[in-house]
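The structure appears below as structure tokens.
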């Protein structure tokens, strides 16, 4: 396993930033970092023609502010997205789907590919294509009973729970054998961010970090 895999296995929580304004970005990153977050996903907005520049700038900012933060790009759905993420210094790329070209491109550039999958077929296919970790998505909607059933035959594939994961279920997913969890709006709370309530965001991040430690 790669060094980054070991970090994800240890830290477990990946904070997902989606749609955060430039004006709030620095405050959010620093608040999460103070709360113990060491893995950050900054997503591409696939509706924006400027997504490569916007997300690339955000990735570079995060790495500059917190050198010990491991930063990846999310919603990576084309090889062009992979190239943009790599140019910005992203260490890993995540996607909501399984795309062999995206996985192959990321791996060829020395980046970790974490594609999104729901069914056992998708999970095994993604892993066979070179994904070191597969994102079970949307884990919260699928539910813990589904997760347990799926994990039985694919226990050799490291899985990250993403989509609908929050403080109420994150411990359950991790206890069931998921190696990590990606947390979006339940952690990167829009109201806290809009209000600039960085202390509350730091406290929330700390709750997730502590929950992951069991």
For the stretch 82-129 versus the stretch 1-63, the gap between their alpha-carbon centres in whole angstrom: 17 Å
Per-pair calculated FRET efficiency, R0 = 25 Å: residue 1 and residue 68 via Cβ, rounded to 0.05: 0.80
Length added when fully stretched, residue 22-residue 179, from 0.36 nm per residue minus Cα-Cα: 53.4 nm
Which labelled figure in (i) 138; (ii) 119; (iii) 106 is volume of the Cα convex hull per residue in Å³, once derived from the coordinates: (iii)
Hypothetical label at residue 97: residues of the stretch 135-152 whose amide nitrogen lies under 17 Å (7 Å Cα-Cβ projection): 135-138
Mean Cβ count within 10 Å, highest first, over the residues of peptides 78-84, 10-16, 174-180: 10-16, 78-84, 174-180
Förster-model FRET efficiency, 30 Å R0, residue 78 and residue 194, C-beta, rounded to 0.05: 0.45
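None of the figures in this text is laboratory data; all of them are computed from the coordinates on show. On a predicted model such as this, the values are computed, not experimentally measured, just so you know. FYI the Cβ positions are ideal-geometry reconstructions off the backbone, even for glycines, and counts take in every protein chain you see.
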